[in-house]
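Novice: Okay, handing you the structure first.
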Amino acid sequence: MLVRKRRFGITIVCAGIVLACVAFAGYRHIRGPEPLTLGDGKNGPLEMVWLPGGEFLMGSDHKQARPNEGPAHKVRLDGYWIDRYDVTNADFARFIAQTHYVTTAERKPRWEDLKVQLPPGTPEPDDSELVPGALVFVGTDRPIPLNDFSQWWAFVPGADWRHPLGPDSTIEGKETHPVVQVSREDVQAYAAWAHKRLLTEAEWEYAARGGLEQANYAWGNDFSPGGEKMANTWDEIQPFPVTGPSNTFKIGTKPVGSYRPNAYGLYDMSGNVWQWVADWYRADAFSVGLKRQPAGEAAVNPVGPSDSYDPELGVTAHAPQRVIRGGSFLCSDSYCTSFRTSARQGADPMNSMSHLGFRLAMSHDQWEKNR
């Protein structure tokens, strides 16, 4: 479950891609990337996979799908390069070392950024309350009703990408884990430095599906084929959001690439951390877009709506929200099934959270320019 409002208080050789394709050959594939190309820094950007593009059914009409995931509709995309892995702590550290960029979580919050996410008339807090920090999953010590996420999330002063759980936490030894506690503004700064860009929502879903037409997951329709765990998601041996009373139940990010890739050779398109994408979030984006599209025709390279709308936010339904995809280590069958390929959420673009990261894309023209 995503907190929707800002609160005060490894390298694998190319053969791996081929084996992944063989492993998923039993499913019906749409027209998609074949053969796959992995960039090596000379014949394509390092550790990025080239997807030549194609047509697919975006969204879902499955019984598990939420209303914001439908209707399923045709989309056609041009080719693009996509990061094989989520951006890691080590990647982000190089960016910081070269640019000396300061992330939003490390800065004093601005009231103008906060108030657009709050009901009209909310009084401005005392200046002493506006301190650097970010949202951290803190869990509970016992089962509770799942209707108030503030019971398992907290704004923690001093939490940032170097200290994702608070000032006493560290990323030492977690260089290959995905970076978290990065806002969309931070991601845009990193993308400019890396000469890349955010994926559109359509590009993200096309890549995540790995050519499997309307499958529930990035690997097929069976959540645990042969009993194998396919993604870093909540372990159902303990009910969400219980993490105590003892410290024996460990949750959190895992190194990128800890699970099998999908058929396009992409890792962690489900679970581990949510991923920022480019589009504004509207709960009705697909139904509204379909009405504007000539009947039966595919939308070509869609870039999403021009504004935000989430009726679940009530009086702040039009507050700025950007799409995030993929789910995280907090997603579970009992509470949040957002590790499904069509699942989508909105997030405050200035927000930083302990289960939210990103990966990026690049056009072939941009790669040629970079060379």
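The values are calculated or read from the model by the stated rules, or taken from the named source; none is laboratory data. Predicted model only: the values in this text are computed from it and were never measured. Glycine gets a Cβ as well: all are built from the backbone with ideal geometry, and neighbour counts include every protein chain shown.
Novice: Quick one: which of A159, A194, A134, A202 is out of contact with any Pro (no Cβ under 7 Å at 6 or more places or on another chain), closer than 30 Å to G41 by Cβ and modelled with pLDDT of 95 or more?
Specialist: On the way: A159 fails: closer than 30 Å to G41 by Cβ; A134 fails: closer than 30 Å to G41 by Cβ; A202 fails: out of contact with any Pro (no Cβ under 7 Å at 6 or more places or on another chain).
Going through A159, A194, A134, A202 in turn, just one is out of contact with any Pro (no Cβ under 7 Å at 6 or more places or on another chain), closer than 30 Å to G41 by Cβ and modelled with pLDDT of 95 or more: A194.
Novice: Within the range 126-134, does at least one residue satisfy the condition of being among the hydroxyl-bearing types (S, T, Y) and touching a helix residue (DSSP H, G or I) at 6+ places or on another chain (Cβ under 8 Å)?
Specialist: For the range 126-134, residues among the hydroxyl-bearing types (S, T, Y) and touching a helix residue (DSSP H, G or I) at 6+ places or on another chain (Cβ under 8 Å): absent.
Novice: Which of the residues that make up the range 316-362 are more than 20 Å from Q117 (Cα to Cα), at pLDDT 95 or above and small (G, A, S)?
Specialist: The answer is G326, G327, S328, S342, A343, G357, A361.
Novice: Can we say A93 is farther than 17 Å from L198 by Cβ, out of contact with any strand residue (DSSP E or B) (no Cβ under 8 Å at 6 or more places or on another chain) and small (G, A, S)?
Specialist: Spelling it out, A93 is indeed farther than 17 Å from L198 by Cβ, out of contact with any strand residue (DSSP E or B) (no Cβ under 8 Å at 6 or more places or on another chain) and small (G, A, S).
Novice: Further, regarding this structure: Do we have D222 as outside any loop (DSSP other than H, G, I, E, B) and either touching a helix residue (DSSP H, G or I) at 6+ places or on another chain (Cβ under 9 Å) or not small (G, A, S) (or both) here?
Specialist: No, not satisfied.
Novice: On to the next question. Step by step: first the residues of the range 68-113, then only those that are in contact with a Ser or Thr (Cβ under 8 Å, 6 or more places away or on another chain) and aromatic (F, W, Y), then the one that is nearest to S354 (Cα to Cα). Which residue is that?
Specialist: W81
Novice: Of all residues in the range 148-162, how many are closer than 10 Å to V138 by Cα and assigned to a loop (DSSP other than H, G, I, E, B)?
Specialist: Qualifying residue count, the range 148-162: 1.
Novice: Can you find even one residue in the range 217-239 that is within 30 Å of V300 (Cα to Cα) and in contact with a strand residue (DSSP E or B) (Cβ under 7 Å, 6 or more places away or on another chain)?
Specialist: Our first condition is that a residue be within 30 Å of V300 (Cα to Cα); within the range 217-239, this holds for 217-221.
Checking which are in contact with a strand residue (DSSP E or B) (Cβ under 7 Å, 6 or more places away or on another chain) leaves us with 220.
Yes, that holds for at least one residue.
Novice: Let me ask something else. Give the residues of the range 213-226 that are more than 20 Å from the chain's Cα centre (by Cα) and over 15 Å from T337 (Cβ atoms), sorted by residue number. Lay out the reasoning, then the answer.
Specialist: Kept after step one, since they are more than 20 Å from the chain's Cα centre (by Cα), are these residues of the range 213-226: 213, 221-222, 224-226.
Selection gives E213, P225, G226.
Novice: While we're here: Residue pairs, Cβ under 6 Å, 6 or more apart or interchain, first in the range 239-262 and closer than 15 Å to K174 by Cα, second modelled with pLDDT under 75. List them.
Specialist: Filtered contacts from the range 239-262: G257/I10.
Novice: On to the next question. So A295 ticks every box in (1) over 28 Å from D113 (Cα atoms); (2) at pLDDT 95 or above; (3) of a type in the set (A, V, I, L, M) but one. Which box is left unticked?
Specialist: (2)
Novice: Do you know which residues across the range 39-74 are under 30 Å from E368 (Cα atoms) and crowded, with 21+ Cβ neighbours inside 10 Å?
Specialist: Within the range 39-74, P45, M48, V49, W50, L51, F56, M58 qualify.
Novice: Within the range 175-195, can you find the residues that are part of a loop (DSSP other than H, G, I, E, B), crowded, with 24+ Cβ neighbours inside 10 Å and not hydroxyl-bearing (S, T, Y)?
Specialist: The answer is V179, V180, Q181, V182.
Novice: Could you figure out which of (1) exposed (fewer than 13 other Cβ atoms within 10 Å of the Cβ); (2) over 30 Å from Y217 (Cβ atoms) isn't true of A105?
Specialist: So A105 meets the others, but not (1).
Novice: Also, quick follow-up: List pairs: first residue in the range 113-133 and more than 20 Å from G166 (Cβ to Cβ), second residue surrounded by fewer than 12 Cβ atoms within 10 Å (Cβ to Cβ) and of a type outside the set (F, W, Y) anywhere in the structure, Cβ distance under 6 angstrom, at least six positions apart or on different chains.
Specialist: Within 6 Å, the pairs are P119/V315.
Novice: Now, a different point. Which residue is farthest from the chain's Cα centre (by Cα), if the candidates are limited to the range 81-140 and must be of a type in the set (A, V, I, L, M) and assigned to a helix (DSSP H, G or I)?
Specialist: A97
Novice: Suppose we keep only residues that are of a type in the set (A, V, I, L, M) and assigned to a loop (DSSP other than H, G, I, E, B) within the range 258-304. Which one would you say is surrounded by the fewest Cβ atoms within 10 Å (Cβ to Cβ)?
Specialist: Among those that are of a type in the set (A, V, I, L, M) and assigned to a loop (DSSP other than H, G, I, E, B), it is A295.
Novice: Can you pull out the residues in the range 196-212 that are assigned to a helix (DSSP H, G or I) and within 12 Å of the chain's Cα centre (by Cα)?
Specialist: Scanning the range 196-212 gives E201, W204, E205, A208.
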